[in-house]
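Report on one structure; see the data block that follows.
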Amino acid sequence: MINNFNLNDYSLWTALVTPFDQHGDVDYNTLTKLVSDQEAAHNGILLLGSTGEGLALTLKEQQAIVEHVCQLKPTVPLMVAVGGSNLKQQIEWVNYCNTLPIHSFLLGSPLYAKPGAVGQTHWFESLLNASAHPCMLYNVPGRSAVSIPAATIQNLQNNKNLWALKEASGSIAQFEAYRQAAPNLAIFSGDDALMPYFAQAGARGLVSVAANAWPEQTHEFVKRSLSGQHPNLFAQWSSAINSLFAVANPIPVKVLMHLQGRLSSPQLRPPLTHLELTQTDCITTANNTILSWH
């Protein structure tokens, strides 16, 4: 498929949750509605990321989800996550997705092994070269146990398929190190709460958890952050975002979306469970605050 989207036109990408019914099966009717909500807000859509519980799904489920969303022919671009620790399997996944009408890949750091700059360069280069689409690398040491070294980004910066980087270490210093290593690389915040600060440091946009629950409001907040406006919304935003990370993501956002009526069930795949969130006052307060913006 010819890529008819300019990915740089999309400053907000929603790391879409995967909805399950009360039996724990993928709820495709709800998934259709979630895609429609993101379309209406003009947000790019990321499928099967950590927020989408991608690694807790079977390969058949992963394939079915991507195929289902592609068949909806959304009017916003689709990004598909690539994650794990087996390079051969990840290349096979990239080759499979290359046959579908998607527009980008999110390439996660290899899990568990903790490779250094040389090993990560080989990992990402292999995936970038297999891809038929622009790719966003994903630095998330809290989940992968190791950061992407700036040297790796420098090694890869001239690869034709390297488009962007999602920085989710929570460090402005790390952001600056990547900027110096690859000045032309688009860098996106991977932390909702830090978006105002990353915007001031030159970020291109946000890959968001919050946009699942608040598609339009998050879109507007990112727009204001990038335009240099500093309304008295930042403190409210930070407090609301903190409520979404009271326990492991995506537990709070799925519970909130169930309370909103966006999800038929707050079910997650083990080892995550909605029972981890013992009180919902904070997310309810956050929801009322953010929805009052419009």
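Observations
- Contour excess over end-to-end distance, with Cα ends at residue 56 and residue 223 and 0.36 nm allotted per residue: 56.8 nm
- The alpha-carbon atoms of the stretch 150-196, seen along their principal axes, cover 31, 18, 14 angstrom, with the largest extent given first.
- Rg over Rh for the stretch 48-164 works out to 0.95, using Cα positions for both radii and the Kirkwood form for Rh.
- Normalising the Debye intensity of the stretch 172-243 to I(0), with uniform scatterers on Cα atoms only, and taking log10 at q = 0.25, 0.26 Å⁻¹ returns -1.16, -1.23.
- Distance (nanometres) between label positions extended 7 Å along Cα→Cβ at residue 143 and residue 68: 2.0
- Percent of Cα-Cα distances greater than 23 Å, calculated over the stretch 135-218: 18
- Rh by Kirkwood over Cα pairs, then Stokes-Einstein D for the stretch 1-79 at 1.306 mPa s and 10 °C, µm²/s: 123
- Working note: Debye formula, equal point scatterers on the alpha-carbon atoms of the stretch 27-117, no solvent; log10 I(q)/I(0) at q = 0.10, 0.18, 0.21, 0.25 Å⁻¹ is -0.26, -0.80, -1.05, -1.42.
- Extension gain for the segment residue 184 to residue 40, taken as residue separation times 0.36 nm less the Cα-Cα distance, is 48.8 nm to one decimal.
- The residues of the stretch 5-78 have, on average, 40 Å² of accessible surface per residue, using a 1.4 Å probe with all protein chains present.
- Structure note, pairs 33/160; 60/166; 88/166; 160/223: Cα-Cα distances above 25 angstrom occur for 33/160; 60/166; 160/223.
- Inter-part distance where the stretch 92-146 and the stretch 183-209 are each reduced to a Cα centre, Å: 19
- Candidates 134, 270, 149: whichever shows maximal mean-square fluctuation once the chain is modelled as a Gaussian network with Cα springs under 10 Å: 270
- Taking the convex hull of Cα positions in the stretch 209-286, its mean projected area over all directions (nm²): 5.3
- The fraction of Cα-Cα pairs per 10 angstrom bin, counted from 0 for the stretch 9-52, comes to 28, 53, 16, 2 percent, rounded to whole percents.
- Here the simple spin-label model places points 7 Å from the Cα toward Cβ, and for residue 126 and residue 292 these points are separated by 5.2 nm.
- log₁₀ of I(q)/I(0) at q = 0.12, 0.21 Å⁻¹ - the stretch 145-281, Debye sum with one point per alpha carbon: -0.56, -1.19
- Model label points for residue 281 and residue 87, set 7 angstrom from Cα along the Cα-to-Cβ axis, are 5.2 nm apart.
- Long-range tail of P(r) for the chain (Cα pairs > 37 Å, %): 8
- For the stretch 250-293, projected area of the alpha-carbon convex hull averaged over all directions, nm²: 3.1
- Cα-based convex hull volume of the stretch 82-135 per residue, rounded to whole Å³: 62
- In terms of overall dimensions, the C-alpha atoms belonging to the stretch 37-83 reach 29, 20, 15 Å along their principal axes, ordered largest to smallest.
The values are calculated or read from the model by the stated rules, or taken from the named source; none is laboratory data. Computed from a predicted model, the values in this text were never measured in an experiment. Every residue, glycine as well, gets a Cβ built from its backbone with ideal geometry; the counts of neighbours run over all protein chains shown. Quick note on the areas: whole protein, heavy atoms, side chains included, nothing else; ligands and nucleic acids left out. Shrake-Rupley method; radii C 1.70, N 1.55, O 1.52, S 1.80 Å.
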